[in-house]
Amino acid sequence: MKQFLSISDIPDLPQAIRQVIELKQNPLSNPLIGQGKRMAMVFFNPSLRTRCSTQIAAENLGLKTFTLDVGSQTWPIEFRLNTIMDGKSSEHIKEATMVLSSYFDLIAVRSFPTLKKKEQDLSEFILNSFHQHATVPVINMESATQHPLQSFADAITIKETQITKPKIVLSWTPHPKAIPHSVANSFVEMCRFADYDCVITNPPDYDLNPEITKGIPVIHQQEKAFENADIIYAKNWSSFQHYGQVFKHHREWIINQKKIDLTNHAKFMHCLPVRRNVVVSDEVLDSENSLIQQQVENRVFSAQYVIKKILDHVSS
Ligand code: CP
């Protein structure tokens with residue numbers, strides 16, 4: 001694997017899922033593959049799970065990591081080309097990536113969307129700037145439109161339920177803030193590549209990017225979508241059409257036990273962090289059908305698979 005910018009960088013996702021489930025039996029079976037190599041983990045935004053799981057995955061492979069919080073630990077970066085840098089940014093992406101490529105063998109980047117500049121976000125301006133200027137492989141730790149490490153972990157978690165041909169419902173849920181589309185987008189793409197049946201349910205104002213959801217049913221009545229569901233994946237996102245806006249909080253879209261009772265004893269999934277009793281009720285999140293801990297654990301193994309495949313490529 002040359003880089004990991006989206007889930008499509010995994011050539012055969014069903015096979016990769018099987019390989020990760022095997023890897024989980026012995027996660028320390030390749031302790032030397034990263035020996036003598038280093039990975040920079042560049043964060044423009046906060047993280048708990050991605051920061052920890054990616055670092056643990058690297059350590060399992062003998063790879064050293066350095067975490068850099070842009071702005072507080074590094075100089076603010078300018079991304080525009082041919083610009084006069086007399087504003088607040090002190091370092092250009094060309095020099096920043098030259099420096100990082102000199103010191104590190106891989107660069108992992110987290111950079112959320114603006115949710116204001118639609119075209120810039122859709123172009124993956126920051127992630128692609130790293131990819132374009134770095135001379136070492138780049139890993140996406142959640143970008144403007146994608147969170148492929150999360151969706152890969154979710155694919156593994158779904159496989160581990162051992163439910164044959166599960167009916168999966170990706171449900172919009174309420175949230176007080178404007179939230180990116182990246183987790184939902186990557187979840188939909190993952191279902192397509194993993195050959196999982198997925199249905200999306202969201203209020204009419206919150207349809208995702210139609211280019212992403214093409215061919216996937218979108219149902220605007222949540223309770224109808226939940227009928228006979230085996231897996232409910234909860235996530236909030238802001239409007240795509242009226243980009244980044246939140247019109248109405250639709251508190252009634254919370255996932256509670258009454259709604260789970262409409263399903264086929266559905267498992268509950270969420271990528272975390274989650275706002276209790278806004279997105280999902282305590283009783284559902286704390287129930288034995290909640291898969292959040294398995295999702296968290298699988299974040300380590302999905303990252304480990306990706307890093308190992310990239311190191312294999314670098315060494316070949
Ligand atoms: N799910 C996820 O990516 O969590 P963090 O934002 O804490 O990394």
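Scanning the range 157-174 for residues that are more than 14 Å from the ligand (Cβ to nearest atom) and either among the β-branched types (Val, Ile, Thr) or open to solvent by less than 30 Å² (accessible area, probe 1.4 Å) (or both) returns Ile158, Thr161, Ile163, Thr164, Pro166, Ile168, Val169, Leu170, Ser171, Trp172, Thr173, Pro174. Checking each residue in the range 174-186 for being among the hydrophobic types (A, V, I, L, M, F, W, C) and either in a helix (DSSP H, G or I) or free of Cβ contacts under 8 Å to residues at least 60 places away in the same chain (or both) picks out Ile179, Val183, Ala184. Hey, can you tell me all the residues within the range 283-313 that are open to solvent by 60 Å² or more (accessible area, probe 1.4 Å) and out of contact with any helix residue (DSSP H, G or I) (no Cβ under 6 Å at 6 or more places or on another chain)? If the condition is that a residue be open to solvent by 60 Å² or more (accessible area, probe 1.4 Å) and out of contact with any helix residue (DSSP H, G or I) (no Cβ under 6 Å at 6 or more places or on another chain), then Asp286, Glu288, Gln293, Glu297, Lys309, His313 are the ones that fit. Pairs are defined by a Cβ separation below 6 Å, a sequence spacing of at least 6 or placement on different chains, a first member in the range 282-303 that is outside any helix (DSSP H, G or I), and a second member that is hydrophobic (A, V, I, L, M, F, W, C) and surrounded by 15 or more Cβ atoms within 10 Å (Cβ to Cβ); the pairs so defined are Asn289/Phe268; Ser290/Phe268; Leu291/Met269.
Taking (1) free of Cβ contacts under 8 Å to residues at least 12 places away in the same chain; (2) touching a helix residue (DSSP H, G or I) at 6+ places or on another chain (Cβ under 8 Å) in turn, Gln132 satisfies each apart from (2).
Which is free of Cβ contacts under 8 Å to residues at least 24 places away in the same chain, away from the ligand (no atom under 16 Å from the Cβ) and under 20 Å from the mean Cα position of the chain (by Cα), of Gln25, Gln15?
Gln15
Among the residues of the range 35-51, those identified as within 15 Å of the ligand (Cβ to nearest atom) and touching a residue at least 12 places away in the same chain (Cβ under 8 Å) are Met41, Val42, Phe43, Phe44, Asn45, Ser47, Leu48, Arg49, Thr50, Arg51. Which residue pairs have Cβ atoms closer than 6 Å, lie 6 or more positions apart in sequence or on different chains, and pair a first residue in the range 143-161 that is over 21 Å from Gln15 (Cβ atoms) with a second residue that is more than 12 Å from the ligand (Cβ to nearest atom) and among the aliphatic types (A, V, I, L, M)? Filtered contacts from the range 143-161: Ser143/Leu127. Looking across the range 187-241, the residues that are closer than 23 Å to Ser123 by Cα, open to solvent by less than 10 Å² (accessible area, probe 1.4 Å) and in a helix (DSSP H, G or I) come down to Phe187, Val188, Met190, Cys191, Tyr206.
The values are calculated or read from the model by the stated rules, or taken from the named source; none is laboratory data. Computed from a predicted model, the values in this text were never measured in an experiment. Don't worry about glycine lacking a Cβ; one is built from the backbone with ideal geometry, like all the others, and counts go over all protein chains shown. Just so you know, the surface numbers come from the protein's heavy atoms only, side chains and all, with ligands and any DNA or RNA stripped out. Shrake-Rupley method; radii C 1.70, N 1.55, O 1.52, S 1.80 Å.
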